[in-house]
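Notes follow once the structure below has been shown.
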Amino acid sequence: MAQGRKGKLNYRCPRCLMREIDMDMLYDAEKAEYYCLRCSFVGDEAEVLRLNTQFREKYGARTIRITEF
Ligand SMILES: [Zn+2]
């Protein structure tokens, strides 16, 4: 899977997730930061993980989509 200029891991933008928008962030290797082109969120990996965890705890099962039966 080619990922171009994206980081080794693709993280969703936590700020966009809050608005139910699925937006992959790009990775700035020089600053070691992830950034979002849509909402201009910038954060390092720890910040992104923290916000994503927060999001999951807050919205919990609401974000789980049933794709298998
Ligand atoms: Zn965003």
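Just so you know, all these numbers are worked out from the coordinates, no wet-lab data involved. Bear in mind the structure is a predicted one, so any value in this text is a computation, not a measurement. As a convention, Cβ positions derive from the backbone with ideal geometry for all residues, glycine included, and neighbour counts pool all protein chains shown.
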Simple Cβ-charge dipole of the range 14-59, Lys/Arg +1 and Asp/Glu -1, about Cα centre, in debye nearest 20: 280 debye
Just for the Cα atoms in the range 14-59, what are the lengths along the principal axes, largest first, rounded to whole Å? 33, 20, 12
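Mind checking the full-extension length gain between Leu37 and Thr67? Use 0.36 nm per residue of separation minus the Cα-Cα distance, one decimal, nm. Walk me through the numbers on the way to the answer.
Details: separation 30, 0.36 × 30 = 10.80 nm, distance 2.87 nm.
Gain on stretching Leu37 to Thr67: 7.9 nm.
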